[in-house]
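Below you'll find the structure, written out as structure tokens, and then a few comments.
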Amino acid sequence: MLSEGEAVDSIEPYRHDGGPVGVLLCHGFTGSPAALRPWAEHFAAHGYSVDLPRLPGHGTTWQDMNHTAWPDWYRRVERSLLDLAERCEQVVVAGLSMGGCLALRLAQDHGPLVQGLVLVNPVVTSADKRLLALPLLRLLRPSTTGLSGDIAMPGQDERAYDRTPLPALWSQTRMWQVVRRDLAMITQPLLLYRSVNDHVVDATSAPVILSGISSTDVAEVVLQRSYHVATLDYDAPEIFSGSTAFVERVTTKRNRGLPR
């Protein structure tokens, strides 16, 4: 469990200048870098350059989120990608939940800069019928019950809001539409982790992504012991080791060039 001081630090952005391969990590909706901080530190310990930004409207109050929209969140991770691409030879983008959707959009917009994608319980759609009321509901009330803390392992804290800001949630659904429309543009190697017991993102997103992309190097790993925030849960070691091996493989492949 994080100490009080560590918890405060973990909500802040994290950056590490390492080797010529960079990893950009994108956190989820109403969350914070805390959900991905151990993952980021794992990559850093293995010699990678790492950037884990905090999205606008996150890590402060849920009311702040209602003054932001998906283009604001996207521009923040895009800036990190372009920065990593300037100082690294290759970049892999990883994301949790909405961060996975942002990662997909980066690959759609900046294909040559993204060597591979690692997604953990990504969301690009939902079967929740309550979302149909969002266009009107967002005008009538600012928030609803929060989605945070979906972690099976006791003592973990993703440092997320306890309320869900509705105008911001509606904006997120607009991003889902854009990303789903352009899924065929995705050609990068992709590693997708999916929790069987996820109480935030339902089972509809993963098959939509896997059936819609054009990538030929694709792997799906099903997590049996973790809930939504799997990067802080029982399967985190598997995610960390598997994603590190994936990054090494997809970046080494390009460095090999033609057979000699």
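Of all beta bridges DSSP finds with both residues in the range 14-253, what is the antiparallel percent, to the nearest 5?
20 percent
Computed from the Cβ-Cβ distance with R0 of 41 Å, the FRET efficiency linking E238 to Q63 stands at 0.65. When shorter helices are ignored and each DSSP H run of at least 4 residues is given -39500 (n - 2.57), the per-residue value for the chain at 222 nm works out to -12000 deg cm²/dmol. Protein heavy-atom surface of the range 187-229, 1.4 angstrom probe: 51% of the accessible area is carbon and sulfur, with nucleic acids and ligands not counted. Of the peptides 225-232, 64-71, the order by per-residue mean of other Cβ atoms within 10 Å, starting with the highest, comes out as 225-232, 64-71. With 0.36 nm allotted per residue and the present C-alpha distance subtracted, the V196-Q224 stretch has 9.5 nm of extension available.
Using 0.36 nm per residue and subtracting the Cα-Cα separation, the extra length available between T145 and K129 on full extension is 4.2 nm. Between the alpha-carbon centres of the range 176-214 and the range 39-67 there is a gap of 21 Å. Applying the Karplus relation 6.51 cos²θ - 1.76 cosθ + 1.60 with θ = phi - 60° to the range 23-37 yields 3J(HN,Hα) values of 10, 9, 10, 10, 7, x, 5, 6, x, 7, x, 4, 5, 10, 4 Hz, where x marks Gly and Pro. The residues of the chain have, on average, 44 Å² of accessible surface per residue, using a 1.4 Å probe with all protein chains present. Rounded to 0.05, the FRET efficiency of the R180 and E89 pair, given R0 = 51 Å and the Cβ-Cβ distance, is 0.95.
When you count the other C-beta atoms within 10 angstrom of each residue and take the mean per peptide, 129-140, 88-99, 153-164 line up highest first as 88-99, 153-164, 129-140.
Taking Rg and Dmax of the Cα atoms in Å as the quantity of interest, determine which of [x] 17.2, 66; [y] 18.0, 62; [z] 17.7, 55 was computed from the displayed structure. It is the value labelled [x]. Return the FRET efficiency for the residue pair D162, S211: r is the Cβ-Cβ distance, R0 is 30 Å, and the value is rounded to the nearest 0.05. Result of the calculation: an efficiency of 0.30.
The values are calculated or read from the model by the stated rules, or taken from the named source; none is laboratory data. Fair warning: this is a prediction, and the values are worked out from it, not measured in the lab. Cβ atoms come from the backbone with ideal geometry, glycine included; neighbour counts cover every protein chain shown. Please note that ligands, DNA and RNA were not included when accessible areas were found on the heavy atoms of the full protein model with its side chains. Shrake-Rupley method; radii C 1.70, N 1.55, O 1.52, S 1.80 Å.
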